[in-house]
1. Amide H neighbours of Val149 under 5 Å, at least 5 residues apart or on other chains, H built in the peptide plane: list them.
2. In what sequence, highest mean first, do 8-18, 63-73, 181-191, 167-177 appear when ranked by Cβ atoms within 10 angstrom?
3. Give the peptides 192-201, 278-287, 103-112, 218-227 in descending order of average Cβ contacts within 10 Å, highest first.
4. How big is the equivalent ellipsoid of region 148-286 along its three axes, where each semi-axis is √(5λ) from the Cα gyration tensor, reported in whole Å from largest to smallest?
5. Using only the Cα atoms of the chain, construct the convex hull and provide its projected area averaged over every direction, in square nanometres to one decimal.
6. Where both partners of a DSSP beta bridge lie in region 1-139, what percent of those bridges are antiparallel, to the nearest 5?
7. Treating each Cα of region 205-319 as an identical point scatterer and ignoring solvent, apply the Debye formula and state log10 I(q)/I(0) at q = 0.13, 0.17 Å⁻¹.
8. Restricting the count to DSSP beta bridges whose residues both fall in region 191-298, what percent are antiparallel, rounded to a multiple of 5?
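Rule-based calculations on the coordinates, nothing more; no lab input. Because the structure is a prediction, the values reported are computed rather than measured. Using ideal geometry, Cβ is built from the backbone for each residue, glycine included, and neighbour counts are taken over all protein chains shown.
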Amino acid sequence: MRLYRTIIFLLLFIAPPPLKPPILRIACGAQIGRGVSIGWFTTLMGRHISIGDYSSIRALTIINCGGDLSIGRYSIISSFTLIYGADGLRIGDHCYIGPQSLINTEEEVRIGHWSALGARCMLYTHGSFLPYSEGYWVRFAPITIGNRVWCAAGVFLHPGITIGDNSFVKSRSVVSGEIPPDSIVEGNPARVINTMSRMQRTITPRRLDAIAEQMLRHFLALTATQGALRVWPDRSPPQVQAGRHIYQLVLVPATGEIATVDPTNPTIWLICRRGWSPPSALWLDLTTNRRSMHRAAPLDALCTFLQRYYGIQLEYEEER
C-alpha cells in the first residue's frame, strides 16, 4: 500500500493539470468537486481526500498528509507551499494559503471558513530538535484557526495554539497561546492590541455605493495601466473592450437612478441594490457576494481584481 501511494504521489507530480483530478478520483477514491484546478508539478496525498467546488491548488506545491485532507469550496493553496505530517489538514470554504507557506501536520491542523494565511506563514504542530532523552522538551499539539481569521505574511504559529473567530494576526507575529475571538494581535509573543469589532465599519447602503464606485474606478485605472483590455473610463457608463466586444460597466446603486445603457453593447452589472435582478446575463452582486455563471473577460477580470485587492470572494449563481 505504501509503494502504491508513493507511485501515485509521483505520478501526480508529473501529470498535466487536467489529468490530476481524474487520477485522484480513480486511484485514491478522492472526492473532487466541480471546477477544481491543480497546477503543474503539484502533488498531494492523504488518507481520504476531499476538495470542494472551484478550489485551486497552484503550481509547485507539495501536500503529503498521513491523515485526512479536506479542502472546502472556493479555497486557494498558493504556489511553493509545503504541507506534510502524520495527521490531517482540514480547510474550510473561501480560504487562502499564501505562497511559500509551511504547514506541519504531525497533529491535526484545522482552518475555518473565510480564513487566510499570508505569504511565508509557518504552522508547526511538533517542536523538537535537542534530545528528549537528555531532558529537553518536545511538544505535540494540534492547531485550530477559527472562521474569518487573517494571519498576515510571515506569521509563526506554535503547537497547540487556537485563534478565535474574526481575528487578525499582524505580520511576523509569533503566536504561542490562545487568541480569543474578535482580536487584533501582534508581536513576539503575540498580544491583543485591539478588537476587530471596534475597527470594522458599519456598511450602510450609501457607503456600499461609495465603496463600489471607488473599487470600479480603481479597476478601470489599473486595467488601463496594464493594457490587457482597452478601457474608456470617462464614458457614461464606463466601457471595456475585449476582442470584438465593447462591454458597458454599470453600477446599480442601492438607491437612486441607474445609468442608461446602449442596448447594442453587452452590459456587466455591478449590483449594490438588494433583491435587484439584472436584465442580462453578466453581473456580480455585492449584496450577496454572487456572480453569474456566464463568462466574459472583463467580468472575470473584475472578479479577480475584487478578490485580490479588496478581499471580496464571489460564488457562482448556481449555488443558490
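1. For Val149, the qualifying residues are Ser115, Ala116, Asn166, Ser167.
2. Descending mean neighbour count gives 63-73, 167-177, 181-191, 8-18.
3. Order by mean packing, descending: 103-112, 278-287, 218-227, 192-201.
4. Working through the eigenvalues yields semi-axes of 41, 18, 12 Å.
5. Seen from a random direction, the Cα hull of the chain projects 19.3 nm² on average.
6. 5 percent
7. At q = 0.13, 0.17 Å⁻¹ the computed log10 ratios are -0.44, -0.79.
8. 50 percent
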